[in-house]
1. Give me the aspartates and glutamates in straight-line cross-link reach of Lys539: C-alpha distance below 18 Å, same-chain residues under 8 apart excluded.
2. When only Cα pairs under 8 Å and 6 or more residues apart are kept, what is the percent relative contact order across the chain?
3. Just from the alpha-carbon atoms, what are the Rg and Dmax of segment 250-345 in angstroms?
4. Report, by chain and number, residues whose modeled amide H sits under 5 Å from the one on Leu647, excluding near sequence neighbours (fewer than 5 apart, same chain).
5. Please work out the FRET efficiency for the pair Gln512 and Asn303, using the Cβ-Cβ distance as r and a Förster radius of 25 Å; give the result to the nearest 0.05.
6. Once a ≥ b ≥ c are taken as the square roots of the eigenvalues of the Cα gyration tensor of the chain, is the result rounded (a/c under 1.5), prolate (a/b larger than b/c) or oblate (a/b not larger than b/c)?
7. Pairs of Cα atoms under 8 Å, at least six residues apart: use those to get the relative contact order of segment 570-714, whole percent.
8. Could you tell me whether segment 1-108 comes out rounded, prolate or oblate from its Cα gyration tensor? Rule is a ≥ b ≥ c as square roots of the eigenvalues, rounded for a/c under 1.5, then prolate if a/b exceeds b/c, otherwise oblate.
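The values are calculated or read from the model by the stated rules, or taken from the named source; none is laboratory data. The model shown is predicted, which means the values in this text are computed figures rather than measured ones. Glycine also receives a Cβ, built like all others from the backbone with ideal geometry; neighbour counts cover every protein chain displayed. The protein model used for the area step is the full one, side chains on, heavy atoms only, and it has no ligands, DNA or RNA in it. Shrake-Rupley method; radii C 1.70, N 1.55, O 1.52, S 1.80 Å.
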Amino acid sequence: MNIKKFLLKHHLRLILIFLFLIGIRIFLLQFPLLKNLDLEISILFSFLISILSGFGGLYFLLKGEKLSTIFFLNLIFIISLYLIFIIIELVLFNCPLTEGIFFFPLFVITSSMFSLSISSIAYSLGKIKSFVILFFIYIVLIAYSLVEYYFEPQLYLFNPLVIFFPGLVYNEIFEVDGRILIYTFGLMFASGLILFPKILDESEKKILICSRNYFYILSIFTFMLLFVLSDELRLSTSQEYLKSKFPLKIESEHYEIFLHNKNISEIEKRLINNKTQFHIQQLEKVFGYRTPKIKIFVINSDNSKKELLGDEVADFTKPWLRQIFVTTKTYDQTIKHELAHIFLGEKTDNLFKVAAGFNLGLIEGGAMAIEWDWLENTPDYYSAMIKRFSPEIEFEKFFNNYTFATQRSSLSYLISGAFCKYLIEKYGLKKFLELYREGNFSKVYDKDLKDELNEFSAQLNSFHFSKVDSLRFKVLFGGQTLFERKCPRAINRIKFEARKLISKRSFEKAEQIYLRVYQRTSEQDAFMNLIITKFYQKKFDEIINELNSGNYVNQFNGFNSVYIKIYYALSLAKIGNQKKAEEIIQQLKDLNISSSWNAYFDLILFFIDKPELIENTIDKNFKEMLIELKKNFPDETSILVHDIENLNDLELEKVIEAYKNEPWILKECFYRYLMLGNFTKANSLIETIKLKYSNFNEAYKYQIDLMSFVLEKLRPEKGV
Ligand SMILES: [Zn+2]
């Protein structure tokens, strides 16, 4: 048999390659997200094995081996590797084998089949030439993806060598979805059409020459189809395709805003336009220059953003295209930051218009320094807090890309942001832009980065924090990141299934899933969800017992710990222990995490006061619940404050009175007045705000200026 002969002849080479690939797998085990046999590993091995199959295939063909032998051996090779990887996975991690393990065979078999078909074509061109041609084809394929990433808005990529590259790793769930199936089957089919007649030719059953051509034509046709219809098949998102999804456009001299939502009201449209105008004007003042036209795409939801661009969790910018992608919900929070990326990029000289060497500490730190706003305060305040309560943190880490990316992102953004702002204030923006372009700290500032970081760090000591702040710190910056979790992808997929069950109100099944996940990982997140599913089933006693027996009640560790306390308190209220419940929530409120959290705690306190209403939170979704409660308690400001975007003038007044000490809620009320067209009230509110909060903090100061600007623009002619 051919395979046996082949193995005898080439066993040394094959064994070496096999061991080499296993060696790589073991080497990669140390990196987060590359630990488990999931999407990331499949992409990497897809690339490696497709290159090996291409060149190896060609090498063996030129040695006179049969294509059929190479093809089947390749398959056996991949399957053996896959089995070993599964064993590594089971022995080392004991992760649940979920959908993630299908990426590997699907990706690797497809890409290697594709490569083999290309090498079989190259083979017919003659010895030396064929290697050059194959090499050239690979270069073109890689270059094509780079060009696509560069010129098109999308973050994700489909490429025959890696199959699917998601763009951002922060998205928690990747599945073998319809697009991946269409692409892999398309590629396998088209590659098979090339390989099949060649393999048949080798056997005795020769097929007619003319019918062989049909195979090739059909193969080319399939490749063409994947290429031409790539937008429609969602394998790519071209500029034209994206624009076709945005029915509305606001155009001005310096920017264009594309709106996804065609039902947006006229006043909302004007508001978005004026806010953008303000931010751009402010940035022009700070930087002292203008940028060519900026394009801003405002997308309806995270889901559509994922579908269109391949990213769910974060807004982003491609500075070299001067294009920004944000969602309606996050627009206010992120637009200034994204614009800052573009302004910073203008003075660079690299193709991507980012900081030299893709230094994330400068790219994100620079944008944060310009934005100068994080959760209702400035980044230096939070950096000082981090330093105070986590003194072991080394600031230098944030100027190394690997540690920047694997740290909790809020830490990386805040500290690099505060440091960049410190540099700008101390040495001027011009010098900072030089650093941004050159990347060499000691050359630009004539000083050691470490020394400067020490001085910056010393300056942070001027902030003072209380004992309560240490708990707030633990809530804001505690908990696990994606990189720290065990089996992150697999567990997230399972949790996603549980979330689907909850939305279908199959609470018991969801509870069982969370229980299993918790037992396996001891994850706090799983525990929180376990408590929530018990709460949905009204197992209040069980929740109290569960929490009394463990240590979770006293823990402050990330926002999950806050939710655990909330459900504990609601359960306590339900069994009549309102006093203790109130204490718990009051303690949370005293942390003063943010104005919206404070408002949320007020609502929980309202429920604790009226435990008979608590079931409302179970039986209805949040919006429905608010509507229902509003009917029965029209004066209850802890309810009204969660529905500001729907309040009338009178209700707004009540909220303003109740929350006069929460400037960020007053800001929301101000914008609601604008939406209602009540400019007189908006004006008097902003006067009050200015009197009381002009020196609140720099982040809020900027918001006051923004409000004043917008009001001035929207207000009908004065004298009315
Ligand atoms: Zn950014």
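1. Answer for Lys539, where 18 Å is the Cα cut-off: Glu508, Glu511, Glu612, Glu615, Asp619, listed by chain and number.
2. 9
3. Using the Cα atoms of segment 250-345, the pair Rg, Dmax is 12.8, 37 Å.
4. The list, which skips near neighbours in sequence, is empty: none.
5. 0.35
6. Cα axes put the chain in the prolate bin.
7. Result for segment 570-714 is 15 percent.
8. It is prolate, given that a/c is not under 1.5 and a/b is the larger ratio.
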